[in-house]
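Just so it is clear, none of the values below were taken in a lab; they were calculated from the coordinates. Remember, predicted model here, so these are calculated numbers, not experimental data. Don't worry about glycine lacking a Cβ; one is built from the backbone with ideal geometry, like all the others, and counts go over all protein chains shown.
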Amino acid sequence: MKLYINNQNGSAILIALSLITMLTMIGMFAVNSAITDVDLAFNKLHADESFYIAEAGAKQAIFELQQDENWRVGFTDVKFGDGLFTVTVIDSSIDAALVDTMIILSDATTPNAQANIEITLYPEPFNPFIYSMFGDDSVMVKNSFVTDSYNSDSGSYAATSVDSSGDIGSNGNIMVDNGAYVGGDVISSLTGGTDVHPGAIVTGDIADDIPEVDLPPIPEEEFLWAEANNTAPAGLSGSYSYDMITGELATNGDLVLADGVYYFESIELKNNASITLEPGASVTIYVRDTTYLKNGGDINAGGDPTDFLIVSQGPLMLMNSGEIYATLYTPESTADLKNSGDFYGSIIAEDIICHNSANFHYDRDLANFSKDEWFIITEVGWREL
């Protein structure tokens, strides 16, 4: 005799219990996964924070090196955000194999993480004088202004001048107005930055797509060094007035400079005055304020522009038939050439204004000219330790 049981209540309970168990396990897994994600996010957040603090320390060190190539002191436990960074600079004095290369080691700690990065740097020579004139913000040429080029390394202006390579460049706006003649290119890094009047002549290219040019300001330390090593007044002779207290230099005659580095607050060449160099001399002049040449005043007339470098924080004003053979670097001020002034060399300024028959003759020999003290720090390697 067979017995059949039709009551399945017990099976339903077992199925319910199984489902509850599965849901509980799924819930526990989800909770564990969420906790893991939170932990990972927490660790990532603090790891990133430490990394960015280490990077900030390294960037600060690079800035200091750009201001002073001899800076090596580093940083110790500098507070930044919720953490601290410590930076060490390693060069050839520590590791002879580095030669000119430097290594920045930046270590950062936060309450919950730490990071270490290493950046390899190389100081590349900085040569700004690859244009006849370059204005960081703007260049304006008008009213019969002329540019061309020559090569002082190969001969005189008359023997080597050509209507090319007298290039005008800018990171901003360039306006070439009616009557101007540019024997070279007109090129800007600002889209739409070139404005050439139909009545002007440009023998080269007109473009607004060049890479932006970095024009670092002259570090204050370099001006202080020049002031401390000033060749004036011992290197001055001829006709001049020089105030040792104010640093102001003026002449209404012929001032002669010996070889060396000079520091002046301002320079003024009065009517028909001139500055010449002793035979074989090479001069670098640091000027805090204005360099003013007027009414026939000449500087280094007929000389080599590479022998006369003016590094200035203030403006240059050349007017009324003044003649100057020099290179000028004033990236934070203005150069104003007008009224038949002739400039042989190259000018780098924040703003350049040239008008009223001023003539500019770029010396192609300046393409490779640079000061030993001028360099750009370039990152050539990076890694996280």
- Message: Can you say what percent of the DSSP beta bridges in the chain, counting only those with both residues inside, are antiparallel? Round to 5.
- Response: 30 percent
- Query: With each label point set 7 Å from Cα along the Cα-Cβ vector, what nm distance links Asn143 and Leu14?
  - Reply: 10.7 nm
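Can you tell me, using C-alpha contacts under 8 Å and at least 6 residues apart, the relative contact order of the chain as a whole percent?
16 percent
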- Quick calc, the chain, dipole around Cα centre from Cβ unit charges on Lys, Arg (+) and Asp, Glu (-), nearest 20 debye, gives 1460 debye
- FRET efficiency for Lys44 and Glu221 from the Cβ-Cβ distance with R0 = 45 Å, rounded to 0.05, comes out at 0.65
- Item | Computed [θ] at 222 nm, deg cm²/dmol, the chain (DSSP H ≥ 4; -39,500 (n - 2.57); rounded to nearest 500) | -6500 deg cm²/dmol
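Kirkwood Rh over Cα pairs of the chain into Stokes-Einstein at 25 °C, 0.890 mPa s: D in µm²/s?
The Stokes-Einstein estimate is 98 µm²/s.
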- Distance from region 270-309 to region 317-340 (C-alpha centre basis), Å: 11 Å
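Taking the Cβ of Ala228 as the center, what net charge do the other residues with Cβ under 13 Å away carry, scoring Lys and Arg +1 and Asp and Glu -1?
Values: positive: none; negative: Glu220, Glu221, Glu222, Glu227.
Result for the neighbourhood of Ala228: -4.
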- Sequence neighbours fewer than 8 away in the same chain don't count; with that in mind, list the lysines whose C-alpha is under 18 Å from Lys59. Lys79
- In nm, spacing of pseudo-spin labels at Val380 and Asn272 (7 Å Cα→C-beta vector): 5.6 nm
- Query: If each residue's Cβ is checked for other Cβ atoms within 10 Å, how do Asp167, Asp304 rank with the fewest at the top?
  - Reply: Asp304, Asp167
- Message: Mean-square fluctuation check for the chain, GNM, Cα pairs under 10 Å: which of Thr246, Thr291, Thr160 is largest?
- Response: Thr246
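Suppose R0 equals 51 Å. What FRET efficiency, 1/(1 + (r/R0)^6) with r the Cβ-Cβ distance, do Asn229 and Lys79 give to the nearest 0.05?
Numbers: r = 37 Å, r/R0 = 0.73.
Computed FRET efficiency for Asn229 and Lys79: 0.85.
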- Footprinting proxy, His355, His361, His197: sorted fewest to most Cβ within 10 Å, the residues are His197, His355, His361
